[in-house]
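To keep things clear, I will list the structure first and then write my remarks on it.
The values are calculated or read from the model by the stated rules, or taken from the named source; none is laboratory data. Since this is a predicted model, take the numbers as computed values, not measurements. Note: ideal-geometry Cβ built from the backbone for every residue, glycine included; neighbour counts use all protein chains shown.
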């Protein structure tokens, strides 16, 4: 039996799958838990490891085979794989004694730790392929169930129909609109910064101004996702200039782009950096592990 639920106070769309009367949560869409963004399809690994009392999450994360699997997966990730801008690891997770798989997973975004409302550590969510890998380690029965059930969300075959789920979708849309509004302000500020840079007496460039703006945007997309602005527009089927790319990005992708643009603004205003040539270095962001299209 599968149900969707909305919990007041968090913008969450969590499917509490049922396996042998044990709940295993999975995000049915991009979800926010106390300020931590969880991509679609991620599975509550902490709950999964409670299915078999003899199989502890810490033991799974301490297994060298787990680390090897995470490294291999990071080299060929699914689109759902996500890493926060800057790849910050909570200090509480980056200490001597933490398993290398845990540290690597948090750095790469293959694992995401949640927190309660007062900052205490919560459950760990994992990318779906890790959850299936863990299920194989936990029990053969769970492995069969996980392989068949967890993929339904990724494949779009699971439909949430409850009123709570509908309400959660509305809340997530409101959250997206708020983030989108914030990116508009940042983008305008970036445009102003580039214009001020162009107006400086010591600025010498023969490059057309329109090209400078376009190249800066293109360099940011390449830095974040390894694709050009044209590639992204083609993916979404955007033809008209009135169709804005950012209206089709996910909340997490918008946050990553907003973070990068803020770094470019800082570099132009304070360091006098050249916006259209050095945006990759200026942004000081590594390639995000979130796909722009999810």
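From the list 231, 291, 258, 269, the one residue that fits, being surrounded by 14 or more Cβ atoms within 10 Å (Cβ to Cβ), assigned to a helix (DSSP H, G or I) and either at positive phi or modelled with pLDDT under 80 (or both), is 269. Restricting the range 135-150 to residues that are part of a helix (DSSP H, G or I) and touching a strand residue (DSSP E or B) at 6+ places or on another chain (Cβ under 7 Å), the residue that is surrounded by the most Cβ atoms within 10 Å (Cβ to Cβ) is 142. For the range 151-167, the candidate set comprises residues that are at pLDDT 65 or above and either in a helix (DSSP H, G or I) or touching a strand residue (DSSP E or B) at 6+ places or on another chain (Cβ under 6 Å) (or both); within that set, the residue that is surrounded by the fewest Cβ atoms within 10 Å (Cβ to Cβ) is 167. Set side by side, the residues 131, 79, 101 differ, and just one is in the same structural domain as residue 147 (by TED's automatic domain parsing), closer than 26 Å to residue 34 by Cα and either under 14 Å from the mean Cα position of the chain (by Cα) or modelled with pLDDT under 85 (or both), which is 79.
Looking at the range 197-213, which of the residues that are assigned to a helix (DSSP H, G or I) and without any contact (Cβ under 8 Å) to a residue 40 or more places away in the chain is surrounded by the fewest Cβ atoms within 10 Å (Cβ to Cβ)? Give the derivation first.
Applying the first criterion (assigned to a helix (DSSP H, G or I)) to the range 197-213 yields 197-198, 209-213.
Going one step further and asking which of them are without any contact (Cβ under 8 Å) to a residue 40 or more places away in the chain, we end up with 198, 209-210.
Working: 198: 15, 209: 12, 210: 8.
Step by step, filter the range 197-213, then rank; the result is 210.
Screening residue 175 with (1) loosely packed, with under 12 Cβ neighbours inside 10 Å; (2) touching a strand residue (DSSP E or B) at 6+ places or on another chain (Cβ under 9 Å) gives one miss only, at (1). Residue 41 - would you say it is in contact with a helix residue (DSSP H, G or I) (Cβ under 8 Å, 6 or more places away or on another chain), in the same structural domain as residue 131 (by TED's automatic domain parsing) and assigned to a loop (DSSP other than H, G, I, E, B)? In short, yes. Taking the range 96-108 as the range and being surrounded by fewer than 21 Cβ atoms within 10 Å (Cβ to Cβ) and in contact (Cβ under 8 Å) with a residue 40 or more places away in the chain as the test, the residues that pass are 99, 108.
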